[in-house]
Amino acid sequence: MAEPLDMDPDGGADDLSTPAWAAFGDLMAGVLGAFVLVLAAALVGQLDLAGKLEAEVAQRQAEQARREALERALAGPLADGRITLVEGRIGISGAVLFAVGSDQLHADGRALIKSLATPLRTYLAQRDEILMVSGFTDDRGLITGPNAPKFADNWELSAQRALTVARALMAEGLPPDAVFAAAFGPQQPVASNDDAAGRALNRRVEIAPTPRPRRAAASAP
């Protein structure tokens, strides 16, 4: 009968299991490391999302505060219905300001612009913003005749009306670098052009505060 093998108390058969345990330990360490990385990435993602949400909330709150400040500044003209205020845009009916097809202010229209100048100037003095004065028309052709104003099209009419209002605001004390004019012609209607009431709504001028463009830093010589 064969004699049993002697087992080395310092090694022997027990050493055969050592590589397996070592490999298992390495595997578990790798799994734990991967879990930590995934957890860290998830936490970073959550922090980034929380930061974006916080910034978006702050932006919305600032926008709401800006609109409320503008509404307070224009409480008088808003109360008597001479202007509208929608999403921070001041709307003035074209009929209040101009005769049909004209870019010359009515006396009432000039008085309205004068009443807006002081609260707008105060509003702008507290913010880094400027005013965009935009002209809009309906989609109908311009009136013709020997005494009719001469404009190439509705785009030119809307541009001249916007310029007229912008210049009137500057004449009432608004800084020239705080006002600019824009023309939209028949684009961006707020009502249907299929009836007279809708066309009257589309013939309008809007005044909207907008962030002041950032000037590029002058390059070093």
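The values are calculated or read from the model by the stated rules, or taken from the named source; none is laboratory data. Computed from a predicted model, the values in this text were never measured in an experiment. Positions of Cβ are backbone-derived with ideal geometry, glycine not excepted, and every protein chain shown enters the neighbour counts. The accessibility values were calculated without ligands, DNA or RNA, using every heavy atom of the protein model including side chains. Shrake-Rupley method; radii C 1.70, N 1.55, O 1.52, S 1.80 Å.
Could you tell me whether region 125-139 includes any residue that is surrounded by fewer than 16 Cβ atoms within 10 Å (Cβ to Cβ) and either modelled with pLDDT of 95 or more or under 22 Å from L157 (Cβ atoms) (or both)? Walk me through it before giving the result.
Here is the first cut: in region 125-139, the residues surrounded by fewer than 16 Cβ atoms within 10 Å (Cβ to Cβ) are 125-128, 139.
Right, trim to either modelled with pLDDT of 95 or more or under 22 Å from L157 (Cβ atoms) (or both) and you get 139.
Scanning region 125-139, I find at least one residue that is surrounded by fewer than 16 Cβ atoms within 10 Å (Cβ to Cβ) and either modelled with pLDDT of 95 or more or under 22 Å from L157 (Cβ atoms) (or both), so the answer is yes.
Can you report the number of residues in region 154-185 which are in contact with an Asp or Glu (Cβ under 6 Å, 6 or more places away or on another chain) and open to solvent by less than 30 Å² (accessible area, probe 1.4 Å)? First the steps, then the outcome.
Of region 154-185, the ones in contact with an Asp or Glu (Cβ under 6 Å, 6 or more places away or on another chain) are 160-161, 164.
Going one step further and asking which of them are open to solvent by less than 30 Å² (accessible area, probe 1.4 Å), we end up with 161, 164.
Counting residues in region 154-185 that are in contact with an Asp or Glu (Cβ under 6 Å, 6 or more places away or on another chain) and open to solvent by less than 30 Å² (accessible area, probe 1.4 Å) gives 2.
Would you say V86 is of a type in the set (V, I, T), modelled with pLDDT of 75 or more and over 22 Å from the mean Cα position of the chain (by Cα)?
No.
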Report task. Answer yes or no: is there a residue in region 174-190 that is among the β-branched types (V, I, T), assigned to a loop (DSSP other than H, G, I, E, B) and within 23 Å of R67 (Cα to Cα). Result -> yes
Requested in this report: Could you identify the single residue in V38, V57 that is modelled with pLDDT under 85, in a helix (DSSP H, G or I) and open to solvent by 90 Å² or more (accessible area, probe 1.4 Å)?
Outcome: V38
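May I ask you to say which residue of A95, A75 is at pLDDT below 90 and open to solvent by less than 90 Å² (accessible area, probe 1.4 Å)? I'd like the intermediate steps shown before the answer.
On the way: A95 fails: at pLDDT below 90.
Exactly one of A95, A75 is at pLDDT below 90 and open to solvent by less than 90 Å² (accessible area, probe 1.4 Å), namely A75.
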Query raised in the report: Hey, which of the helices (runs of 4 or more DSSP H) in region 70-153, taking only ones fully inside, have at least 1 residues that are in contact with an Asp or Glu (Cβ under 8 Å, 6 or more places away or on another chain) and within 21 Å of G198 (Cβ to Cβ)?
Result: 94-97
